[in-house]
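The values are calculated or read from the model by the stated rules, or taken from the named source; none is laboratory data. The model shown is predicted, which means the values in this text are computed figures rather than measured ones. Here the Cβ is made from the backbone with ideal geometry for all residues, glycine too, and neighbour counts use every protein chain on show. Note: accessible area is taken over every heavy atom of the protein model, side chains too, but ligands, DNA and RNA are not part of it. Shrake-Rupley method; radii C 1.70, N 1.55, O 1.52, S 1.80 Å.
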Amino acid sequence: MTKADIVNEISRSTGIEKAAVLVTLEKFMEVVKDSMADGNNVYLRGFGSFVLKTRREKTARNISKNTTIRIPEHKVPAFKPSKIFLEQVK
C-alpha cells in the first residue's frame, strides 16, 4: 500500500477531501521525523512505537581495498508494533 492508497482510503471512508488528508498525513510524518531527529521516541497507543536504537561501534572491511574501517556508534530508527497490532496481523 502506498501513501496515495492510504490517502484515497482515508478520504473515501471519512468523506474528507484528498488534499486535506494528504496535508495531514504529510504533517504527521514530518512531526515523527523531527521528533526522532531530536532524539525522542514516538508512542502511538494501540499501534506501535517509533524508537531510536543505538548501534555499537564496529570494525568493517573494505574488500576491494583490503582495508579495515571503523564504523562509529550511531542511532537508527525502528518501528516496534504494539501487542494489539501484532495480534491483528497474525
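Quick notes on this structure:
- Between the Cα long axis of helix 3-14 and the first principal axis of the chain there is an angle of about 30°, rounded to the nearest 10.
- Segment 1-47 - Rg and Dmax from Cα coordinates, angstrom: 12.5, 36
- For the chain, the tally of Lys pairs with Cα-Cα distances below 18 Å comes to 11, considering only residues 8 or more apart or on different chains.
- Cα long-axis angle, helix 18-37 against the chain (0 to 90 degrees, to the nearest 10): 30
- Which labelled figure in (i) 13.7; (ii) 12.9; (iii) 16.4 is Kirkwood radius over Cα pairs in Å, once derived from the coordinates: (iii)
- Computed from the C-beta positions of residue 70 and residue 40, the FRET efficiency with R₀ = 35 Å rounds to 0.80.
- Of the whole protein surface, residue 70 contributes about 150 Å² of accessible area at a 1.4 Å probe radius.
- Between amide H atoms placed 1.01 Å from N, distances below 5 Å from residue 75 occur with 55, all of them 5 or more places distant or on a separate chain.
- Net length available on complete extension from residue 56 to residue 88 is 8.2 nm, with 0.36 nm assigned per residue and the Cα-Cα distance removed.
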